[in-house]
């Protein structure tokens, strides 16, 4: 089966990279997407996909994308929380796949919070 | 909710929250009827809770782990002229089942079931997920155990590359089985 062969190739490629990318540690940046009913209905799944694509295409190590339930303000979903070690948590609201590109390149890569999507500015 | 795959994601998230170790999703098409079921071996519900679980207004904040997801799924099925059933036993698990009439104007598009499986596996990599598609005898089965067997101990199933592979392979196989019958 073609797909199993592809999976084996992915495995081999990742095994070759082992050591450069360990499991989640305290030193890692965590990006959390709210995936309760409110989040899903507001478009959290495309946002999650966009985050995974950005992390994969930019080959960001030390960044973990995870999911949570309701982040508390259903009308502001999709919500994304960014935890950078040693920094205060940043909550982005009404996030779109386009916003994700900006958040990843400006905040995760360059360390500059994207003010236009931060909760206090909405 | 604009897609059935989003409803499925939401219902299966309940199973994850219920502590299930096995979550079995089935899509069965027989003629004009599509049955979607989500079965889990999570904590289940007692009879009192089960009786009110489809009512968004009696589901209070203390029972918020269910909330609007089930009512929305039920409504999506009933709008098409289909039906909805949920059965559960405390300590044993829950079976949520909805039947949709696919030629109804209110039938929601399926959306990307690959994305749904990817999101679920990423959220709960230790859970065994099954997806069984049976469209008038054309079948496809996806099983996270098979993926884990190939990956072995070195590579995690929730690695970004593996999730991406799962999303693509599930979508491709589903599209093959479906062949454009449902949107």
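What follows draws every value from the coordinates through simple rules; no lab data is involved. Owing to the predicted nature of the structure, the values given are computational and were not obtained by experimental measurement. Counting neighbours? That spans all protein chains shown, and the Cβs are built from the backbone with ideal geometry, glycine included.
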Subject >> Filter result (surrounded by fewer than 20 Cβ atoms within 10 Å (Cβ to Cβ) and either more than 14 Å from chain A (Cβ to nearest Cβ) or assigned to a helix (DSSP H, G or I) (or both)) within the stretch B:40-59 >> reply: B:41, B:43, B:46, B:47, B:48, B:49, B:50, B:51, B:52, B:55, B:57, B:58
**OP:** Could you tell me which of the residues B:180, B:81 is assigned to a loop (DSSP other than H, G, I, E, B), in contact with a strand residue (DSSP E or B) (Cβ under 7 Å, 6 or more places away or on another chain), more than 19 Å from residue B:21 (Cβ to Cβ) and away from chain A (no Cβ under 12 Å)?
**Re:** B:81
**OP:** Among the residues of the stretch A:71-89, write down those that are touching a helix residue (DSSP H, G or I) at 6+ places or on another chain (Cβ under 9 Å) and either surrounded by 19 or more Cβ atoms within 10 Å (Cβ to Cβ) or farther than 13 Å from residue A:113 by Cα (or both).
**Re:** A:71, A:73, A:74, A:75, A:76, A:77, A:78, A:79, A:80, A:82
Original post:
Can you spot a residue in the stretch B:158-169 that is facing chain A (nearest Cβ under 7 Å), outside any helix (DSSP H, G or I) and touching a helix residue (DSSP H, G or I) at 6+ places or on another chain (Cβ under 8 Å)?
Top reply: yes
**OP:** Inspect all residues belonging to the stretch B:107-114 and state whether any of them is farther than 20 Å from residue A:6 by Cα, out of contact with any strand residue (DSSP E or B) (no Cβ under 8 Å at 6 or more places or on another chain) and within 12 Å of chain A (Cβ to nearest Cβ).
**Re:** yes
**OP:** Spot the failing condition for residue A:114; the list is (1) within 14 Å of chain B (Cβ to nearest Cβ); (2) over 25 Å from residue A:37 (Cα atoms); (3) in contact with a helix residue (DSSP H, G or I) (Cβ under 7 Å, 6 or more places away or on another chain), and only one is missed.
**Re:** (1)
Subject >> Given (1) surrounded by 16 or more Cβ atoms within 10 Å (Cβ to Cβ); (2) within 12 Å of the chain's Cα centre (by Cα), number of the condition residue A:40 does not satisfy >> reply: (2)
